[in-house]
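The values are calculated or read from the model by the stated rules, or taken from the named source; none is laboratory data. Note that the structure is predicted; figures quoted are calculated from it, not measured. Please note: Cβ atoms are built from the backbone with ideal geometry, for glycine as well, and neighbour counts cover all protein chains shown.
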């Protein structure tokens, strides 16, 4: 730690950081547009110019200036305020100011800084510079060159993070614009991060474009279930009048230990599956039934069964897994976590994307649930009752499965209307991961807890609550947490009520 | 001896010694006239002594900034394990400047000899000559001279002794003014878009390929053979106490005898214009003088009477010595049109990297065009002046200042000409309404 002065007042800040980060960490904002901690300092926007008393030079870009012991930083002088105002004026003279139709409105650095640092009327009385609009950059990124302030964050992202370098700034002077090379659109699996990185509305996502005003969105902390990396995310959702609560987008949530500032496009767009093709009513052999009738039938089916096998989804959180384990013990049933189809060999990269698309395979391991194909098929052959919870049996051998299930009663608990739901004797709807609270362990052993984000008009119980209705012993959260404690091992040390937002490394 | 004959006779032949000799750009002729004669003396000296000699000579950077060359060299880190590079700035893109071109075309071996001296002094084995892309015929002459120097063994594996390699590479620009800015020049050599870097770090510490780098102007380097051959004192005997030596002055514009003149620093500007360059042409009156390239603030005819051609006097008169490219403006010059041309150039050449320059110069250009078209108001003229302040020194490099400094000088010294456009436009509009 070092001591320096900001506007004459002494503050203690971390050493080895630039002024924006060091002073920002103690709550003093230095406005900046081009600087981003993941992309380094470029120094092109000039919004972070600060005065250094007795300094040489006396005016420096804070992003490029390391915090130093005893430094006297001036932020509130008339000179600095004037510079901030002047830079904002220059940023805005050629900006279209089309906020009413701009997706960024409400989370736009230009809007925020205008209110905070400028607030003057326009003096622009000559023709503005005209540039390209709604340019398809590929990967679902749509670019507006007129809104662009040429901070080059997107360019630096493609050069430094994905190392694919699709973007560049062509031309000089006020004709400069961000562009792709002819015939070489964005082509990387993280491209949509440039939409988040863009401080203005120049980079928009064709998926989100014009769908929702951001100030209506409720932003809940969540964990991406797209793969076993479990990137920290924001779940941005909203219930329009007379409609259901739906998710509009996932955005990466900064987590130094897991995903940094970014997430992959596939995970980002996986929100759509939470809105679509949902199982909302119980089914009996493909036909709608009331929940009372369906539950009664399911209980009957379980009572008659001699040997039951429960197949669990590797996406289910620890809390639900342990409740289902207790239910299985009550039934004398076997549990399997067979989910080989969730692994796409060779799909992962050396950054965030993993081969394993399951959110909580490590959780299955911790609870000692067998995941082998041999055990699964072996027990399925012997079973006369099969309960499938959340597992979509993707890429499983359909013929082999059908043969094993020929004379088996099938009970399916599912959040989505899968084929297995239609074929089930009884299918019961359950909540999906954006609608319940839970904890998952990622591929690197980080345990993350998340709360319920979405509240559907007709809320479904989660798998733990549903098996409790079917006679499972664990009902309350306290009972479930006690059961998790009993599992022991790395989970023994976890206080599930106090898991930090950035997760907990299990040891 | 009266003042006139004094100034006239001051023309010297140090840098320009071989300018008028036929084929002096070939090694054969150049050697006949003393090229590479200093090398024996040089290699007998310690590199540190060479730096001291250059410091003593008072040679200042001839690219325009006038920073002492020897002092710049001594900024090189002593304990670096990285190679040291020399980049010779031959971009010469400042409007009204054409001195380096004379050296490249008429005496390239003087430049190569200077490079050898500099490389020896700073322990550099790789020198780059960054030459502006428009110098298409000039680059051929330069390259031929370099080839000759390699063949004769002045460059190459054993250039400065058995273990001292010197390689010189010519790197052509692609027509961007900004690549004359030293860090943009380095970016360009590295194969990147020519955009200035933030300083610090300075190139002497982190320069080309992240290594310590010295960037000197062609004329600075070309001055070295004389300093080594004749000694620092001989060089410093020319010029004034703080502005030592001679300079190539490219005098252009409305004079009777435009051209390239080598003069010691410190001569009175007006007398040089009248006695050396033949005075204002066509018997017209002097309106003003651009003292050292388009980016230097203008001097009025009145100011031109007292200024002398050296760094100190120029600064005292609120302008800069610059590149020695003197432009004479007669009384027919329309200052508003001149300012439009000026902003047009710097707007066109802005690299577009940082906000104030990228957006601001375009705005200024449109405002001055509006004034020129008779559509401007007094507020527009005020705004133009205010924008100069808002942009200047808020940028990564000094390109914006190269525009705003002279523009401010024209606005302050010739405001009445801008007002006249405003008034004429207002009167025309009033007449139109009456009709």
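Data for the structure
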read-out: Flag for residue A:454 being touching a helix residue (DSSP H, G or I) at 6+ places or on another chain (Cβ under 6 Å) and either surrounded by 20 or more Cβ atoms within 10 Å (Cβ to Cβ) or outside the structural domain of residue A:378 (by TED's automatic domain parsing) (or both); value: no
read-out: Count - residues of the stretch A:138-155 that are more than 13 Å from every other protein chain (Cβ to nearest Cβ) and either touching a residue at least 60 places away in the same chain (Cβ under 8 Å) or closer than 18 Å to residue A:94 by Cβ (or both); value: 8
read-out: Within the stretch A:52-70, considering residues that are in a loop (DSSP other than H, G, I, E, B), free of Cβ contacts under 8 Å to residues at least 24 places away in the same chain and within 12 Å of chain B (Cβ to nearest Cβ), the one farthest from residue B:198 (Cα to Cα); value: A:55
read-out: Which numbered condition residue B:96 fails, given (1) assigned to a loop (DSSP other than H, G, I, E, B); (2) surrounded by fewer than 24 Cβ atoms within 10 Å (Cβ to Cβ); (3) at negative phi; value: (3)
read-out: Residues (outside any loop (DSSP other than H, G, I, E, B) and either within 14 Å of another protein chain (Cβ to nearest Cβ) or farther than 18 Å from residue A:196 by Cα (or both)) located in the stretch A:156-165; value: A:156, A:159
read-out: 3 or more residues farther than 23 Å from residue A:342 by Cα: qualifying helices (runs of 4 or more DSSP H) within the stretch A:264-319; value: A:291-304
read-out: Flag if residue B:89 is closer than 21 Å to residue B:15 by Cβ and in the same structural domain as residue B:56 (by TED's automatic domain parsing); value: yes
read-out: Residue list for the stretch B:411-420, filter: surrounded by fewer than 23 Cβ atoms within 10 Å (Cβ to Cβ) and in a helix (DSSP H, G or I); value: B:411, B:412, B:413, B:415, B:416, B:417, B:419, B:420
read-out: Which listed residue is closer than 30 Å to residue B:377 by Cα, in a loop (DSSP other than H, G, I, E, B) and within 14 Å of another protein chain (Cβ to nearest Cβ), from A:129, A:200; value: A:129
read-out: Hits in the stretch B:237-284 - residues which are within 22 Å of the chain's Cα centre (by Cα) and surrounded by fewer than 18 Cβ atoms within 10 Å (Cβ to Cβ); value: B:241, B:242, B:257, B:258, B:259
read-out: Residues that are touching a residue at least 12 places away in the same chain (Cβ under 8 Å) and assigned to a loop (DSSP other than H, G, I, E, B), drawn from the stretch B:182-192; value: B:190
read-out: Per-region count, the stretch A:29-51, residues more than 8 Å from chain B (Cβ to nearest Cβ) and not in a loop (DSSP other than H, G, I, E, B); value: 4
read-out: From the options A:107, A:89, residue that is within 30 Å of residue A:130 (Cβ to Cβ), within 14 Å of chain B (Cβ to nearest Cβ) and modelled with pLDDT of 95 or more; value: A:89
read-out: Helices (runs of 4 or more DSSP H) contained entirely in the stretch B:315-405, each with at least 2 residues that are within 11 Å of chain A (Cβ to nearest Cβ) and under 23 Å from the mean Cα position of the chain (by Cα); value: B:335-349, B:355-372
read-out: Any hit, the stretch A:47-54, residues being farther than 29 Å from residue A:155 by Cα, surrounded by fewer than 16 Cβ atoms within 10 Å (Cβ to Cβ) and in the same structural domain as residue A:200 (by TED's automatic domain parsing); value: no
read-out: Checklist (1) surrounded by fewer than 20 Cβ atoms within 10 Å (Cβ to Cβ); (2) under 26 Å from residue A:210 (Cα atoms); (3) under 29 Å from the mean Cα position of the chain (by Cα); (4) within 11 Å of chain B (Cβ to nearest Cβ) applied to residue A:168, failing item; value: (2)
